[in-house]
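Below you'll find the structure, written out as structure tokens, and then a few comments.
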Amino acid sequence: MDDPFQLTVGGFALRSKDTPDAIRMLEASIAKDPAFGAPRLILAQIYGGGKFEDTTKAAGMVSAYFSACPASLDSTWQSLLGRFGAPDLQKRVAQELRARLAQESDGQNLQHYSDLWSLEFRLRPPAEHAQVRAQVLKDVRSIEAKDAAPGVEVLSALRDGYKLAGAPVE
């Protein structure tokens with residue numbers, strides 16, 4: 001098997017049944033196509049806990065992925081970034097993600113402000129959370145202006161944003 005996609009699918013299928021072979025296949029996929037992010041995601045999850053836990057390797061997978069895709073909207077990767085990403089990497093990703101979302105008008109992507117807010121709160125000390133809340137309120141108003149008929153996901157992000165901002169219930 002020489003195709004990175006096939007190696008990744010094979011690694012995914014074996015991740016719980018034969019984890020060492022899954023790791024071998026996923027690493028071979030990365031070697032054949034270093035820009036392909038899927039095998040890194042699976043490896044980060046494998047290394048993230050359990051029998052094969054290796055937080056250094058998980059952090060390496062997360063770092064490599066965000067080096068290639070710093071403004072990724074993938075919530076699974078954002079979660080892994082929060083667990084294994086170094087603070088400087090998280091800061092860079094937050095900046096890239098904010099820049100990307102500021103240009104977005106697609107409601108499906110606007111929902112990812114929730115990931116950004118979570119990241120920004122995590123990066124700032126509690127003494128600076130009032131500033132983050134003020135920015136969240138600006139973001140919520142911007143989202144409302146961009147999406148006149150928001151779907152459920154965007155409405156959920158708006159609700160979360162208002163709560164994070166400490167806005168009145170109405």
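The values are calculated or read from the model by the stated rules, or taken from the named source; none is laboratory data. None of these values were measured; they are calculated from a predicted model. When we count neighbours, we look across all protein chains shown, and the Cβ atoms used for this are built from the backbone with ideal geometry, even at glycine. With ligands, DNA and RNA removed, areas are computed over all heavy atoms of the protein, side chains included. Shrake-Rupley method; radii C 1.70, N 1.55, O 1.52, S 1.80 Å.
Could you list, in sequence order, all residues of the stretch 121-144 that are open to solvent by 90 Å² or more (accessible area, probe 1.4 Å) and farther than 21 Å from Leu81 by Cβ?
Initially, the stretch 121-144 is screened for residues open to solvent by 90 Å² or more (accessible area, probe 1.4 Å), giving 122, 126-127, 131, 138, 141.
Ala127, Gln131, Lys138, Arg141, listed by residue number.
Condition (residue is touching a residue at least 40 places away in the same chain (Cβ under 8 Å) and closer than 24 Å to Asp160 by Cβ) applied to the stretch 53-74: is it met by at least one residue?
Yes: the stretch 53-74 contains one or more residues that are touching a residue at least 40 places away in the same chain (Cβ under 8 Å) and closer than 24 Å to Asp160 by Cβ.
What's the number of the only condition in (1) surrounded by 15 or more Cβ atoms within 10 Å (Cβ to Cβ); (2) touching a residue at least 24 places away in the same chain (Cβ under 8 Å) that Ser105 fails to meet?
So the condition that Ser105 fails would be (1).
Tell me, which residue of the stretch 38-52 that is of a type outside the set (A, V, I, L, M, F, W, C), more than 21 Å from Lys91 (Cβ to Cβ) and in contact (Cβ under 8 Å) with a residue 12 or more places away in the chain is surrounded by the most Cβ atoms within 10 Å (Cβ to Cβ)?
Within the stretch 38-52, the first condition is being of a type outside the set (A, V, I, L, M, F, W, C), and the residues that meet it are 39-40, 45, 47-51.
Now drop any that are not more than 21 Å from Lys91 (Cβ to Cβ), which leaves 39, 45, 47-51.
In the following step, the residues that additionally are in contact (Cβ under 8 Å) with a residue 12 or more places away in the chain were identified as 39, 45, 47-48, 51.
Numbers: Pro39: 28, Gln45: 18, Tyr47: 21, Gly48: 20, Lys51: 6.
The qualifying residue surrounded by the most Cβ atoms within 10 Å (Cβ to Cβ) is Pro39.
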